Amino acid sequence: MKRSEAREILMHIVFQMEAQNDCSLELKDLLISDRQIPENHREYISAGFNAAKDNLNEIDRAINESSNNWSVKRMPKTDLAIARVATAEILYMDDIPDSVAINEAVDLAKKYGGKESGKFMNGILGHITRNKE
């Protein structure tokens, strides 16, 4: 398994957090329980889940401040999940280079989002990266 595949699993978990209004560890564990995931990727998924869950308000604030006329409430849920994962990586996971977080998010947006999702994601995450403290 590649890190990008683990990131995709994390994106699905974050999507379900929003869809089910459930940020519990039980939800995360349920969504990965039937998968063969190497330990190092389980650790990444857990760290990413915790970063997203524990900092959700700050992550959403950063996304809102970086997306012109698109609040998190108006964003397609798939794009929102991708943006939340990448923003968590950029702001709270120092072992992941910002450029990797952005490139992976753009790839996920192209795969799961709409026609303009890749460009949208690149713009939002570039702004967040430039303005992080």
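What is the number of the single condition among (1) touching a Pro at 6+ places or on another chain (Cβ under 9 Å); (2) surrounded by fewer than 19 Cβ atoms within 10 Å (Cβ to Cβ) that residue 60 does not meet?
With respect to (1) touching a Pro at 6+ places or on another chain (Cβ under 9 Å); (2) surrounded by fewer than 19 Cβ atoms within 10 Å (Cβ to Cβ), residue 60 is out only on (1).
Let's see how each residue does on (1) under 23 Å from residue 131 (Cα atoms); (2) among the hydroxyl-bearing types (Ser, Thr, Tyr); (3) not in a loop (DSSP other than H, G, I, E, B):
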residue	(1), (2), (3)
16	no, no, yes
41	no, no, yes
75	yes, no, no
99	yes, yes, yes
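Can you tell which of 48, 118 is crowded, with 21+ Cβ neighbours inside 10 Å and either within 16 Å of the chain's Cα centre (by Cα) or at pLDDT 95 or above (or both)?
After ruling out the rest, the residue left standing is 48.
Condition check ((1) of a type in the set (D, E, K, R); (2) under 24 Å from residue 20 (Cβ atoms)) across all residues:
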position	(1), (2)
47	no, yes
75	no, yes
86	no, yes
103	no, no
111	yes, yes
121	no, yes
130	yes, no
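Among the residues of region 14-26, write down those that are under 16 Å from the mean Cα position of the chain (by Cα), over 15 Å from residue 105 (Cα atoms) and of a type in the set (A, V, I, L, M).
Passing the criteria: 17, 19.
Go through region 53-73 and report how many residues are free of Cβ contacts under 8 Å to residues at least 40 places away in the same chain and part of a helix (DSSP H, G or I).
Looking only at that region, the number is 9.
The values are calculated or read from the model by the stated rules, or taken from the named source; none is laboratory data. Since the model is a prediction, treat every value here as computed from it, not as a measurement. A quick note on method: Cβ atoms are made from the backbone with ideal geometry, for glycine too, and the neighbour counts reach across all protein chains shown.
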